[in-house]
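The values are calculated or read from the model by the stated rules, or taken from the named source; none is laboratory data. Quick caveat: nothing in here was measured; it's all calculated off a predicted structure. We place every Cβ from the backbone using ideal geometry, glycine too, and count neighbours over all the protein chains shown. The protein model used for the area step is the full one, side chains on, heavy atoms only, and it has no ligands, DNA or RNA in it. Shrake-Rupley method; radii C 1.70, N 1.55, O 1.52, S 1.80 Å.
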Number of protein chains: 4
Amino acid sequence: MSARLRGIFTPNIVPLDSQGEINESETRRYVDWLIERGVHGLYPNGSTGEFTRFTAEERRRIIEIIADHNRGRVPILAGAAEANTRETILACERYYDLGVTAVAIVSPFYFKLSARGVYAYFKEIADNSPIDVTLYNIPMFASPIDVPTVVRLAEECEKVVAIKDSSGDLPHMMRMIRAVRPNRPEFSFLTGWDAALMPMLLIGCDGGTNATSGVVPEITRKLFDLTLAGDLDEARQLQYRLLELFDAMLLSSEFPEGFRAALQIRGIQTGNGRQPQSDGQKIELATLAQQLQCLLADAGFSDQPLGGCEATAPEVDPEQMAKIIADSVMGELRRRGDVGQ
Amino acid sequence: MSARLRGIFTPNIVPLDSQGEINESETRRYVDWLIERGVHGLYPNGSTGEFTRFTAEERRRIIEIIADHNRGRVPILAGAAEANTRETILACERYYDLGVTAVAIVSPFYFKLSARGVYAYFKEIADNSPIDVTLYNIPMFASPIDVPTVVRLAEECEKVVAIKDSSGDLPHMMRMIRAVRPNRPEFSFLTGWDAALMPMLLIGCDGGTNATSGVVPEITRKLFDLTLAGDLDEARQLQYRLLELFDAMLLSSEFPEGFRAALQIRGIQTGNGRQPQSDGQKIELATLAQQLQCLLADAGFSDQPLGGCEATAPEVDPEQMAKIIADSVMGELRRRGDVGQ
Amino acid sequence: MSARLRGIFTPNIVPLDSQGEINESETRRYVDWLIERGVHGLYPNGSTGEFTRFTAEERRRIIEIIADHNRGRVPILAGAAEANTRETILACERYYDLGVTAVAIVSPFYFKLSARGVYAYFKEIADNSPIDVTLYNIPMFASPIDVPTVVRLAEECEKVVAIKDSSGDLPHMMRMIRAVRPNRPEFSFLTGWDAALMPMLLIGCDGGTNATSGVVPEITRKLFDLTLAGDLDEARQLQYRLLELFDAMLLSSEFPEGFRAALQIRGIQTGNGRQPQSDGQKIELATLAQQLQCLLADAGFSDQPLGGCEATAPEVDPEQMAKIIADSVMGELRRRGDVGQ
Amino acid sequence: MSARLRGIFTPNIVPLDSQGEINESETRRYVDWLIERGVHGLYPNGSTGEFTRFTAEERRRIIEIIADHNRGRVPILAGAAEANTRETILACERYYDLGVTAVAIVSPFYFKLSARGVYAYFKEIADNSPIDVTLYNIPMFASPIDVPTVVRLAEECEKVVAIKDSSGDLPHMMRMIRAVRPNRPEFSFLTGWDAALMPMLLIGCDGGTNATSGVVPEITRKLFDLTLAGDLDEARQLQYRLLELFDAMLLSSEFPEGFRAALQIRGIQTGNGRQPQSDGQKIELATLAQQLQCLLADAGFSDQPLGGCEATAPEVDPEQMAKIIADSVMGELRRRGDVGQ
């Protein structure tokens, strides 16, 4: 029986060059940067790593680069979801040969499967994988993995050793822990929802795969340590700060562009993401970058932007906005054939 | 076996006076206005009638006024949902005494009931009601009534004689018709979704309870007649026009304020609704009223507004809007502690 | 500036007699029972109190009975939502005269209002209420109250003194606390989601309006005390136990029938609820009552049921169930005109 | 200006051999089978074609086989969505070289994009594609394409020539037609929702990409012809029959297994799909196959199954089912740590 996966695993953003290709040297530099700042493990080919926007070959190469550069310093959880169970099992075999610690496999997406379909999918993979498997539940993007399915897979499949849950639903996490841990004490529960990291740890989670740790690893790691040490007053303050950063990066733009923009401010050459941006989105992203720089400066991780940080949030009467919208946006929408549905 | 409910039943808006009280004389005038314009029936205390915003006494009085003034000219479908089954059955008895044709009872709301709970609710009412009952399915507001529940109630309850379905889901309507009509040929299927009235009639619906018929009864009635006459080309054009009016009234403001505003333009003194409006909403509603007047003028039911109808929809670059939003709205939201969730 | 609302407020179930009428004597006995077991306050006319299933007169009478019997022993938070703002303000005035501590007003339901509509609704009430107002956010049943709306109401309305949030969304609670508390230090944040009570308290909530406290007040109160005392290991164990009870009462039947059944086991004559139950639901509820009795016996609050607690959960192969379903349920559904949508 | 895409385009199921590999000879035979039965066009690599469960190489090979075998007999709409815009544009180029009529590109999935993100994605593809592009809206699986986005893309991109909409939302289709057709008369509107094919055609759709046409092309084609010929009574009856088949294939199993099973009955060796099935699902699928065979026999496309078609739907008291569920399923769920969430 191996030890539980524990601590903060960083979902790796993939730096791209000016041609949109994987920037290998920056990827390697980023690995060092993260490990130096204390993350417990790496998690490439996750949602933050935009695994769906790379080809199968690129996904494999990302793991190869990171495993090679890591040289065993920290555990690696490698995203291994491919087109179907056979391709996924092949990826498991490759990543096993590369020496990663475990794979993480997102629940089937695009098609919305029933609980039994989700079970059958993971069962076939787990029965044929040479490497430990982490279930990855992210119901906002993929078929949900419900509690009975986690219990059943944990009972029947020794190779299933963990679940990463990004639902942010705390009682759901408790239901899984209560049902699985008695029979599988080494099974690990990881949260992907940074906004609730402290309370998740307090009800028994073993750690997290948290996108903020790719941008401000110092904070995410410190929050983990303070919480486990029982220093809850300081932990609470840090959780509120992390929530502010998380919200700004997550909610203000197309995921994960906010994380990419913030990481750029921290000095990693992330390049532009592969999902095209409209002109309006580009303008918004520039505004967001300024605000992120202010948040990062406030946390001591960056200088303030040239214009300073005072004037970023002008007073706006929300009812005035209604007037603007009534005069322009609604008219435009109406002209275009839709009235705001 | 009585005849099926057929045709266009108008969900009555309730005119209010300057104190927010029921404006009885205008309510009476509105009844005449509607009947003169050809609606087949009246449907007070529905969603458009904002039944939840009146007291139990007021709801009864609305039915009394309308039944009294109608004097048997057209059938009345009276909304009878009250606080619980006993109160609802009492309302059924009162409305029966008033001589209305049938009651319509919305599925339980606030609490979201299972299919069996919905069944048990209607079963108890139907077994104790002296008057015919129309089931009212409006899943966006109340517990959904699924197909097996409709089938079961139609089989077990003679008093259940119709369903009004406002889901707008055409195949759902077909599933109900297919399952119920063979055993209950007099059972009536009414659609509450004006946007699909013509196709609903074409697949077998008997009519509709359509909010547009409270504002432009001439159009809704004519659409019904053309469709039944098989004059599909003209019907199609009218359906597109009705869709435009429906969307403008439905989607541009808090329901049913758009219908109220449009009816005011047509000369019925609707007064202000009981749901308070923010300053911004009031401005928007004024803008909407202008646009509705243009649509109504275009259909021949109103003069153009004083400023004319040319300049209402300024050209707006949607990407420019993003800049406005980035500069102001987002900043405001962020200041207020939420970044757009 | 008054003190914050703090602690566990019990959403009162309303005992009914064999005629379905309010059982006044049992309601009074229940108030004593709760106060003796340590709840900090009472909360009649909430969702657990099924306020929508009583008439306006009954809702007022419930408050009168409870306020009269309480005789100032504990604070009362009185649910005051009525048909429209005027009726609601009248209820506020009545409850103010009765001496209750504050009212709680659920966001508008049935109609789904925009954020601005929700704002306008509460603004009109707060500007005209003589008594402090608690906003009540329960997005599964009523229009959501978003963070900017809470912030705006807290800024503009002195009478708005608290929010009860039943979303169970922990980061959402943190966003409200972060945005409101600096300017309104006496504003209170209460969670209605028992399943997350401990973590909610740990991130800064002041207490809860928790349905479990109406059935096992000893546990809910002790969980509150242990959490505030920083005894997290014991608190965590109790939170897991409370989750088990909460899930069993909440998820196994039509809300709030499970709570009603469990309270009956504890010796309060709750009577049957007003929502009719199908025969199948009655059978299920009897099974549930046995299981609840086992859970309560396990917690020391009841004897075991006559048949004991060993055999309640037979081993079932989930795939066997599929066979049963394939052979019977699916066939039935298909016969009834729907294939499982 | 080329002609509009019109008629019934069949979303091709991909026959697999016993190893799960593409069965090329059966794929070729299936192409002939479909064309002989009158479908207007072919649509490989759609949702029914399970494009996400094939590798990029396999997707290309599927198009190559079908284009080669079709030899220009009918137009081909080739699904071309790949990992990112660059890969998708490369696919467009390849399929252009193969001589297909147009490509169909599903809206971005997994990540849920905003309307502007969806716009930017299609804009970049359309600006770089040598071949005409059909937008593919399937909101149950992928980011929704809203009306203003369709309008904008139709205005700015000559290469965007059609939309395939699988929402089944009839007024939504009308809103698109009304807004786009005046400026782009050759733009084509195709519905992917077989359950509403007749009404969709009646409000102006040009045709459909309908999964039923891959199984019962005779019916889907005839429904198209009857509707366009204005023979509505016969068309209506056929639409009801198609709905029954569509529901049975769609709702009774994991999509698209029901379609695969029915096609097998019609004599095409579809093989097993790539998504693993649990034991229970396999049993259900066998039951479904019997019921599908009865439906197909009833339509004249198959013999009855050996056991006949009388006894497939046993009478079941729905309340009895509750007892079974109370005794077994609920207990099982509770044992497993979840009570029915």
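A few notes on this one:
- Checking D:T220, D:T209, D:T227 one by one, the residue that is out of contact with any helix residue (DSSP H, G or I) (no Cβ under 6 Å at 6 or more places or on another chain) and of a type in the set (V, I, T) is D:T209 and no other.
- Just one of the listed residues (B:I66, B:I62) is at pLDDT 95 or above, open to solvent by less than 30 Å² (accessible area, probe 1.4 Å), part of a helix (DSSP H, G or I) and within 14 Å of another protein chain (Cβ to nearest Cβ), namely B:I62.
- Filtered residue count, segment B:35-74, keeping only those that are more than 22 Å from B:S107 (Cβ to Cβ) and in contact (Cβ under 8 Å) with a residue 40 or more places away in the chain: 7
- For segment B:128-145, a residue qualifies if it is of a type in the set (F, W, Y) and surrounded by 21 or more Cβ atoms within 10 Å (Cβ to Cβ), and exactly one does: B:Y136.
- Test result for B:P182, farther than 25 Å from B:S302 by Cα, buried (at least 24 other Cβ atoms within 10 Å of the Cβ), within 13 Å of another protein chain (Cβ to nearest Cβ) and out of contact with any Gly (no Cβ under 9 Å at 6 or more places or on another chain): no
- For segment D:238-276, residues that are more than 12 Å from chain A (Cβ to nearest Cβ), of a type in the set (K, R) and assigned to a loop (DSSP other than H, G, I, E, B) total 1.
- Within segment B:225-237, the residues that satisfy the criterion of being part of a helix (DSSP H, G or I) and not charged (D, E, K, R) are B:L226, B:T227, B:L228, B:L232, B:A235, B:Q237.
- Qualifying residue in segment C:278-295 (condition: part of a loop (DSSP other than H, G, I, E, B) and under 25 Å from B:A115 (Cβ atoms)): yes
- Residue in segment C:141-156 that is farthest from C:F51 (Cα to Cα), counting only those that are in a loop (DSSP other than H, G, I, E, B) and within 7 Å of chain B (Cβ to nearest Cβ): C:D146
- Qualifying residue in segment D:69-86 (condition: assigned to a helix (DSSP H, G or I) and either closer than 27 Å to D:S167 by Cβ or open to solvent by less than 10 Å² (accessible area, probe 1.4 Å) (or both)): yes
- When the test is whether a residue is open to solvent by 30 Å² or more (accessible area, probe 1.4 Å) and charged (D, E, K, R), C:K123 passes it.
- If you go through segment C:268-284 and keep only what is touching a residue at least 24 places away in the same chain (Cβ under 8 Å) and either open to solvent by less than 10 Å² (accessible area, probe 1.4 Å) or within 23 Å of C:Q19 (Cβ to Cβ) (or both), you end up with C:I268, C:Q269, C:T270, C:G271, C:N272, C:G273, C:R274, C:Q275, C:Q281.
- Considering segment C:296-309, the residues that are surrounded by fewer than 17 Cβ atoms within 10 Å (Cβ to Cβ) and either outside any loop (DSSP other than H, G, I, E, B) or in contact with a Leu (Cβ under 6 Å, 6 or more places away or on another chain) (or both) include one that is nearest to the other protein chains (Cβ to nearest Cβ), namely C:D298.
- Going through (1) under 16 Å from the mean Cα position of the chain (by Cα); (2) more than 22 Å from B:C205 (Cβ to Cβ); (3) within 14 Å of chain A (Cβ to nearest Cβ); (4) outside any helix (DSSP H, G or I) one by one, D:K164 falls short only on (3).
- Every condition in (1) charged (D, E, K, R); (2) under 22 Å from the mean Cα position of the chain (by Cα); (3) within 20 Å of D:A126 (Cα to Cα) is met by D:E93 except one, and the failing one is (2).
- When segment D:220-256 is filtered for residues that are of a type in the set (A, V, I, L, M, F, W, C) and open to solvent by 10 Å² or more (accessible area, probe 1.4 Å), the ones remaining, listed by number, are D:F224, D:L226, D:L228, D:A229, D:L232, D:L238, D:L250, D:L251, D:F255.
- Any hit, segment C:190-207, residues being within 14 Å of chain B (Cβ to nearest Cβ), under 20 Å from A:L232 (Cα atoms) and assigned to a helix (DSSP H, G or I): no
- Exactly one residue out of B:K123, B:K112 is part of a helix (DSSP H, G or I) and touching a residue at least 24 places away in the same chain (Cβ under 8 Å), and it is B:K123.
- Segment B:146-166 - residue that is aliphatic (A, V, I, L, M) and touching a residue at least 40 places away in the same chain (Cβ under 8 Å) and, of those, most open to solvent (accessible area, probe 1.4 Å): B:V161
- Pick from segment A:167-179, criterion within 9 Å of chain D (Cβ to nearest Cβ) and surrounded by 24 or more Cβ atoms within 10 Å (Cβ to Cβ), ranking: farthest from C:W193 (Cα to Cα): A:M176
- Flag for C:D231 being more than 14 Å from chain B (Cβ to nearest Cβ), farther than 22 Å from C:G41 by Cα and modelled with pLDDT of 95 or more: yes
- Scanning segment A:2-32 for residues that are open to solvent by less than 30 Å² (accessible area, probe 1.4 Å) and closer than 19 Å to A:D225 by Cβ yields A:L5, A:G7, A:I8, A:F9, A:T10.
- Any hit, segment B:45-53, residues being β-branched (V, I, T), crowded, with 22+ Cβ neighbours inside 10 Å and not in a helix (DSSP H, G or I): yes
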